[in-house]
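First comes the structure, then the notes that go with it.
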């Protein structure tokens, strides 16, 4: 039987530019036994997301180094996490923009801690996602989702982070054909205008997997 995620197994990533607020939110969530990872920038956020595959992402829409709305769109394309967006902007147009970008909930700053925790609890309760597997097994090919390593015919294959993401998307497709544009949308964290980029990475994967 497939088990459902309990509080202790729920991973939450906090992406917040204000270090004091980021630490405060993290501390309160840890008191409720959530596993918490924090990021202060989009670069850190992307690395943490790909490494930990969080159930819920708490995303500041007003990050100092990048556009939180655009990163929300990227997160939404991953088809995995719930997204709670935090923002100092509270007018209707901003809320609508955040929700349309993929946020599951929108909380305007300043907010009370009890309301924040209640919204987190409601999102996690609504999700009730089966616990993600640690690895995918396709016979001769095993994909370790925790260590982000690939074993083929008993030997570890040295892949770049982008090659790993591409292989993961292809493996999830289970043989279904995917267009270049679809592969770019699902496997690339940043927008790329040249679909032929896929050809280069697919050729490299084929060589490494023989």
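Taking the condition of being in contact with a strand residue (DSSP E or B) (Cβ under 8 Å, 6 or more places away or on another chain) and not in a strand (DSSP E or B), how many residues in segment 13-32 meet it? Don't jump to the end; show me each part of the working.
Pass one, segment 13-32, residues in contact with a strand residue (DSSP E or B) (Cβ under 8 Å, 6 or more places away or on another chain): 13-18, 22-23, 25-26, 29-30.
Now narrow it down to the ones that are not in a strand (DSSP E or B): 16-18, 22-23, 25-26, 29-30.
Going through segment 13-32 one residue at a time, the tally reaches 9.
I'd like to check something: does segment 83-102 contain any residue that is touching a residue at least 40 places away in the same chain (Cβ under 8 Å) and not in a strand (DSSP E or B)? Step through it out loud before you land on a result.
Of segment 83-102, the ones touching a residue at least 40 places away in the same chain (Cβ under 8 Å) are 86.
Narrowing further to those that are not in a strand (DSSP E or B): none.
The answer is no; no qualifying residue exists.
Being part of a loop (DSSP other than H, G, I, E, B) and under 12 Å from the mean Cα position of the chain (by Cα) is the filter here, so list the residues in segment 33-71 that pass it.
53, 54, 55
Every residue in segment 147-185 that is surrounded by 14 or more Cβ atoms within 10 Å (Cβ to Cβ) and part of a loop (DSSP other than H, G, I, E, B), please.
148, 159, 178
Can you tell me which condition residue 56 does not meet? The list is (1) out of contact with any helix residue (DSSP H, G or I) (no Cβ under 7 Å at 6 or more places or on another chain); (2) buried (at least 17 other Cβ atoms within 10 Å of the Cβ), and all the others hold.
Looking at each condition in turn, residue 56 falls short on (1).
Among the residues that make up segment 6-22, is at least one of them at pLDDT 90 or above, exposed (fewer than 14 other Cβ atoms within 10 Å of the Cβ) and either in the same structural domain as residue 119 (by TED's automatic domain parsing) or within 19 Å of residue 108 (Cβ to Cβ) (or both)?
Yes - at least one qualifying residue is present in segment 6-22.
The values are calculated or read from the model by the stated rules, or taken from the named source; none is laboratory data. Just so it is clear, the model here is predicted, and its values are computed rather than measured. As a convention, Cβ positions derive from the backbone with ideal geometry for all residues, glycine included, and neighbour counts pool all protein chains shown.
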